[in-house]
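Colleague: The structure follows.
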Amino acid sequence: MDTIELKAIKKVYQMGDDVEVHALRGVNLNIGEGEFVAIMGASGSGKSTMMNVIGCLDTVTSGDYFLDGVHVNDLNKRELADIRNKKIGFVFQGFNLLSRTTAIENVELPLLYDRRGRVKDPKRRAMEALERVGLKDRMDHEPNRLSGGQQQRVAIARALVNQPSLILADEPTGNLDSTTSVEVMAVFQALNKEGITIVLVTHEHDIADYAKRMIMLRDGLILKDEKIKNQRSAIEDLRMIHSRPDHGIINPSEVMAQ
């Protein structure tokens, strides 16, 4: 079954009385369970709007959106919030961490909205999420004591804490240097191998090459949709980076723990 199914999706924004902005112009898209998809496009191409629609953060003007077989168009605000909380993890360019709050407390935040009390031990769940992204020894650190890459991994752990089937990442490497970006992509590739569907928005072709499929948008339409023939391995790239004379050799299995 497809995780994401968009049928003839249009999104029109009304700007004042006379101006309409057609952000999406009839998009058809299917993303299967366990895929790793990069969405690319210039500013104004519609990629952010598409992410907001997929993430149930915005409604469509026309067309149909199904998430795991659920017709999202029919959901009310509370139901949309519930489906976001249960099924989707969000990762953003700016990390969006609370500055005077420890890593584990930041990761616990989504569990505060668990109105049904599904998670009996939120702290344990948050610890497990941080362990998955290699930050077991940084749980009590506040963001100002973490590097940019570590902060983004805290953000990824926060996205994982509700055990979503889908992670949406909007320019997650935009504020990171090239080596740290590869480290973050190694985390995403590892999570994808575990079966999590990942949809990533990026303007960087070298980052998109870590995905399995690339979708190019232009003027609210899909211009290109193709499998990435030679998917890059972030672990292999990190092995080469860290084997350079100025880095020393590192075991790839240790990457997540840096």
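Colleague: Residues that are part of a loop (DSSP other than H, G, I, E, B), of a type in the set (A, V, I, L, M, F, W, C) and at pLDDT below 95: does the stretch 99-109 have at least one?
Modeller: No.
Colleague: Continuing with the same structure: Can you name the condition, by its number, that Phe95 falls short on among (1) in a loop (DSSP other than H, G, I, E, B); (2) at pLDDT 90 or above?
Modeller: (2)
Colleague: Looking only at residues that are polar (S, T, N, Q) and under 14 Å from the mean Cα position of the chain (by Cα) in the stretch 46-63, which one is surrounded by the most Cβ atoms within 10 Å (Cβ to Cβ)?
Modeller: Ser48
Colleague: Inspect the stretch 69-87 for any residue being under 21 Å from the mean Cα position of the chain (by Cα), within 20 Å of Val201 (Cα to Cα) and either of a type outside the set (A, V, I, L, M) or surrounded by fewer than 17 Cβ atoms within 10 Å (Cβ to Cβ) (or both) and give the result as yes or no.
Modeller: The answer is yes, given that some residue of the stretch 69-87 is under 21 Å from the mean Cα position of the chain (by Cα), within 20 Å of Val201 (Cα to Cα) and either of a type outside the set (A, V, I, L, M) or surrounded by fewer than 17 Cβ atoms within 10 Å (Cβ to Cβ) (or both).
Colleague: Got a sec? Which of Ala42, Ala103, Ala38 is crowded, with 17+ Cβ neighbours inside 10 Å and either closer than 25 Å to Glu204 by Cβ or in contact (Cβ under 8 Å) with a residue 60 or more places away in the chain (or both)?
Modeller: Answer to the check: Ala38.
Colleague: So is Phe66 among the aromatic types (Phe, Trp, Tyr), surrounded by 19 or more Cβ atoms within 10 Å (Cβ to Cβ), closer than 23 Å to Asn192 by Cα and in contact with a strand residue (DSSP E or B) (Cβ under 6 Å, 6 or more places away or on another chain) or not?
Modeller: For Phe66, the condition - among the aromatic types (Phe, Trp, Tyr), surrounded by 19 or more Cβ atoms within 10 Å (Cβ to Cβ), closer than 23 Å to Asn192 by Cα and in contact with a strand residue (DSSP E or B) (Cβ under 6 Å, 6 or more places away or on another chain) - is not met.
Colleague: Here's a follow-up. Filter the stretch 167-185 down to residues that are within 21 Å of Val107 (Cβ to Cβ) and surrounded by 23 or more Cβ atoms within 10 Å (Cβ to Cβ), then give me how many there are.
Modeller: Counting residues in the stretch 167-185 that are within 21 Å of Val107 (Cβ to Cβ) and surrounded by 23 or more Cβ atoms within 10 Å (Cβ to Cβ) gives 7.
Conditions tested, residue by residue: (1) farther than 18 Å from Gly34 by Cα; (2) in a loop (DSSP other than H, G, I, E, B).
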| site | (1), (2) |
| --- | --- |
| Phe188 | no, no |
| Asn192 | no, no |
| Leu200 | no, no |
| His203 | yes, yes |
| Tyr210 | no, yes |
| Met214 | no, no |
| Leu217 | yes, no |
| Arg232 | no, yes |
| Ile241 | yes, no |
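Colleague: Now for a separate question. Is it true that Ile167 is among the hydrophobic types (A, V, I, L, M, F, W, C), within 15 Å of Gln93 (Cβ to Cβ) and either assigned to a helix (DSSP H, G or I) or in contact with a strand residue (DSSP E or B) (Cβ under 6 Å, 6 or more places away or on another chain) (or both)?
Modeller: Here the answer is yes, as Ile167 does meet what is asked.
Colleague: Looking only at the stretch 61-92, count how many residues are among the polar types (S, T, N, Q), part of a loop (DSSP other than H, G, I, E, B) and touching a Lys or Arg at 6+ places or on another chain (Cβ under 8 Å).
Modeller: 1
Colleague: So, Ile156, is that one on the phi < 0 side of the Ramachandran plot, part of a helix (DSSP H, G or I) and in contact with a strand residue (DSSP E or B) (Cβ under 7 Å, 6 or more places away or on another chain) or not?
Modeller: Yes: the conditions hold for Ile156.
Colleague: Still on this structure, please answer the following. Is there any pair linking a residue in the stretch 198-216 that is touching a residue at least 40 places away in the same chain (Cβ under 8 Å) to one that is assigned to a helix (DSSP H, G or I) and aromatic (Phe, Trp, Tyr), with Cβ under 6 Å and at least six apart or on different chains, and which?
Modeller: Ile198/Phe188
The values are calculated or read from the model by the stated rules, or taken from the named source; none is laboratory data. Owing to the predicted nature of the structure, the values given are computational and were not obtained by experimental measurement. Positions of Cβ are backbone-derived with ideal geometry, glycine not excepted, and every protein chain shown enters the neighbour counts.
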